[in-house]
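Beneath this line is the structure, given in structure tokens, with notes to follow.
Taken together, the values in this text are just the output of simple stated rules run on the coordinates, not laboratory data. Keep in mind that this is a model prediction, so the values were computed, not measured. All Cβ positions, glycine included, derive from the backbone under ideal geometry; neighbour counts span all protein chains shown.
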Ligand SMILES: [Zn+2]
């Protein structure tokens, strides 16, 4: 993986920005035209144009955010994989209670493997998966995704 490459492909970003611009133009034109008409029936088609503009802006924004998020996770996995295990002296501890090799700290939105680097330096506690999910946590996109992908790749 080339970490110096742009986060998102330039063509995709340009397309999304063009879609956003088009959406804003549709919203402004729709609003302007609808505002100049007295009867609701006459405003309706311009309102539809505005709603279409809002949808285009929302679609482009969601697409950009999802693409960027995926790319950040990919880079983070690459970065963590390239770090040596000895880079971090054991300045942190994991308190494992019961079954748990899955850990999280108070207020964390995701649970991790005890070996995950995203838990280093944090006061994490081990619990089983169901307890984490009952607390509203989701699996880590870095350590648990890598594990499930490796497991799935085995014959
Ligand atoms: Zn993790």
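For a footprinting-style exposure proxy, rank 128, 42 by other Cβ within 10 Å, fewest first. Please report the intermediate quantities before stating the final value.
On the way: 128 15, 42 12.
Least crowded to most crowded, the residues run 42, 128.
Each label was represented as a point 7 Å from its Cα along the Cα-to-Cβ direction; for residue 54 and residue 72 these points are 2.7 nm apart. Label separation (residue 18 vs residue 38): 4.2 nm, computed from points 7 Å beyond Cα along the C-beta direction. Between residue 62 and residue 125, the distance separating the two model label sites (each 7 Å from Cα on the Cα→Cβ line) works out to 3.7 nm.
Which length gain, in nm to one decimal place, applies between residue 109 and residue 7 when the Cα-Cα distance is subtracted from 0.36 nm times their residue separation? Kindly include the intermediate steps, with their values, before the conclusion.
On the way: separation 102, 0.36 × 102 = 36.72 nm, distance 2.47 nm.
Length gained, residue 109 through residue 7: 34.2 nm.
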